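Heads up, the thing below is written out as structure tokens.
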Amino acid sequence: VPVPNHIKLDVDGIEHRVINGSRNTLRNLQVKSVLIEINTNLEIHRRIISDMTALGFQYSEKQVAAALRSEGAFAGVGNHIFYR
């Protein structure tokens, strides 16, 4: 299977496990962007941000601020777009 250029990851709570299992793929510079739905209320999900930056990705705090839900059951949850 060829290395993807863009990845969308939305697996309802186990994003951190998928990131941990896909580190070799994510290190590949052919991967240009990864969209991950992150629950910022969870420490294990907040750690995804530092994991992705350690893998050479960056993100826009402005994009994240616009994407985070601010009310209801999903407050603090939103898509983070990591890119190279």
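The values are calculated or read from the model by the stated rules, or taken from the named source; none is laboratory data. Quick caveat: nothing in here was measured; it's all calculated off a predicted structure. All Cβ positions, even for glycine, are placed from backbone atoms using ideal geometry, and neighbour counts span all protein chains on display. Just the protein is used for accessible areas: all its heavy atoms, side chains included, with ligands, DNA and RNA removed. Shrake-Rupley method; radii C 1.70, N 1.55, O 1.52, S 1.80 Å.
Assorted remarks:
- FRET E, pair Asn24, Gln58, Förster distance 22 Å, beta-carbon r, rounded to 0.05: 0.65
- Probe 1.4 Å, accessible area per residue of the chain, Å²: 63 Å²
- Placing +1 on each Lys and Arg Cβ and -1 on each Asp and Glu Cβ, with no other charges, gives the chain a dipole about its Cα centre of roughly 340 debye.
- Integer Hz, Karplus 6.51/-1.76/1.60 couplings in order for the range 13-20, x for Gly and Pro: x, 10, 3, 4, 5, 5, 4, 4
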